[in-house]
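Remarks on the structure that follows.
What follows is calculated from the coordinates using simple rules that are stated; it is not laboratory data. As the structure is a computational prediction, the values presented were derived from the model and not from experiment. Note that we place each Cβ from the backbone using ideal geometry, even for glycine, and neighbour counts take in every protein chain shown.
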Amino acid sequence: MLRRCPVAVTALASFGLFAPYASAQDGAPQALSLDDLDALESQDSTSLLDLTAAQVVELIPLLLFFTLAFVSFFKKNTYLKYATLVYAVVYMGLMKANLVSLVHVFRILDGSFPILKYSMPWYLLMAVAIISTFLWGRFYCGRICAFGALTQLMDRVLPKRLRVEIPARYDRKAAALKYVILTGAVGYFLLTNDPYIYKYIEPFWMFTLSGSTVMWIMLAALLLLTVFVRNFYCRYLCSVGALLGLMSFASVFRIKRWSLCNSCKLCERACEWGAIKGPKISVTECVRCDDCEILYNDKERCAHWLLATRAERRIKPIPAVPPSTPIC
Ligand code: SF4
Ligand code: SF4
Ligand code: SF4
């Protein structure tokens with residue numbers, strides 16, 4: 001099974017978390033020969049303790065990153081959120097190229113999971129991505145994914161006047177495209193057992209700096225589009241985001257809304273993911289970025305709180321006038 005599956009063979013090639021990118025040369029992932037594979041499998045005799053010690057170097061910064069991501073999420077702290085996004089781009093992206101990819105989806109479909117003792121960071125990333133999605137929705141997209149973090153940081157620093165808002169009816173149709181791409185990619189893999197389709201539909205290889213000229217040109221075009229349309233790839237094209245969006249239907253803890261959200265458009269305008277339409281938040285599009293939740297709790301800006309405060313002032317009894325102090 002392991003020998004026949006190119007996903008498993010390629011993963012074993014580097015013991016990396018995101019093996020196909022880690023082993024790519026000029027954008028072309030390289031598989032091991034069967035002799036190489038036999039040699040790698042023979043290393044199974046190494047003790048679990050030794051292997052765990054060897055992976056601690058990988059696990060510590062990863063655990064620190066997840067801690068920062070969760071603290072920023074629960075505290076709803078904007079500074080910590082941007083610190084998390086920078087960490088995601090630098091560490092998860094440029095240093096490790098650790099992103100959940102279609103390759104991970106193919107692995108799960110194929111049942112060819114990496115060997116635990118060699119791949120603890122892989123399991124940790126997958127556990128965080130899957131469990132957090134079932135709890136809060138696309139938390140992975142909003143905090144962990146290096147490419148999503150990059151586009152969020154772009155949105156933060158680029159001038160707002162460059163933005164083009166896609167009309168809602170086109171936005172919804174375009175958002176459906178990522179589900180078509182996901183279905184096509186999974187169907188292609190099931191028919192051909194060829195996992196390398198991911199290269200043509202994901203830009204995550206950019207963090208390895210190892211694409212071909214054509215791939216770099218396509219990436220430049222994608223990033224240029226992102227300058228004008230916020231999170232273009234994530235909103236319309238990402239098959240991983242589509243899958244996490246579908247899983248989010250089962251999420252437990254969702255963002256609350258006030259009845260006034262029906263008419264107040266503050267959060268809708270603030271959402272850079274196009275996930276808010278009137279009073280509703282689309283769980284498939286929301287990435288739990290905090291922007292609307294911060295507004296929801298803001299007693300100085302949220303229409304619900306402003307009206308509640310005004311109503312409270314109206315029914316409060318007029319305070320008794322303090323006795324005047326004698327003037328000498
Ligand atoms: S939509 Fe895709 S690229 Fe964007 S943050 Fe999610 S997984 Fe990453
Ligand atoms: S600012 Fe308050 S009332 Fe307005 S949409 Fe956001 S949560 Fe709703
Ligand atoms: S602003 Fe709110 S609805 Fe939009 S992505 Fe962020 S958390 Fe989700």
Computed over all unlike Cα pairs, the Kirkwood hydrodynamic radius of the stretch 254-308 in Å stands at 11.1
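Decide, for the stretch 63-202, between rounded, prolate and oblate: order the square roots of the alpha carbon gyration tensor eigenvalues as a ≥ b ≥ c, take rounded if a/c falls under 1.5, and otherwise choose prolate if a/b is larger than b/c, else oblate. Write out the running numbers ahead of the final one.
On the way: a/c = 1.98, a/b = 1.14, b/c = 1.73.
Oblate.
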In terms of the charge dipole of the stretch 85-226, which places +1 on Lys and Arg and -1 on Asp and Glu at the beta carbon, the residue among LEU85, GLY184, TRP122 farthest towards the positive end is LEU85
Using the Cα gyration tensor of the stretch 83-142, with a ≥ b ≥ c the square roots of its eigenvalues, what is the shape: rounded (a/c below 1.5), prolate (a/b larger than b/c) or oblate (neither)?
oblate
Cα→Cβ-extended label distance, 7 Å offset, between LEU225 and ILE108, nm:
2.5
Take VAL86 and GLU300, extend 7 Å from each Cα along the Cα→Cβ direction, and tell me the distance between the two endpoints in nm.
2.4
Spin-label pair VAL57/THR192, simplified geometry with 7 Å Cα→Cβ offset, distance in nm
3.7
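About its Cα centre, how strong a charge dipole does the stretch 254-308 have in debye, to the nearest 20, once Lys and Arg get +1 and Asp and Glu get -1 at the Cβ?
260
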Looks like the stretch 116-160, by Cα gyration tensor root eigenvalues a ≥ b ≥ c and the a/c under 1.5 rounded cutoff (else prolate when a/b is bigger than b/c, oblate otherwise), is oblate
Which whole-Hz ³J(HN,Hα) couplings does the stretch 269-282 yield from phi under the Karplus relation 6.51 cos²θ - 1.76 cosθ + 1.60, θ = phi - 60°, glycine and proline marked x?
5, 6, 6, 7, 10, x, 8, 10, 10, x, x, 9, 10, 7
Rounded to the nearest 20 Debye, what is the dipole magnitude of the stretch 154-218 about its Cα centre when Lys and Arg each give +1 and Asp and Glu each give -1 at the C-beta?
400
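Set the Förster distance to 30 Å, then compute FRET efficiency between SER259 and ARG163 from the Cβ-Cβ distance, nearest 0.05.
Plugging the Cβ-Cβ distance into 1/(1 + (r/R0)^6) gives 0.50.
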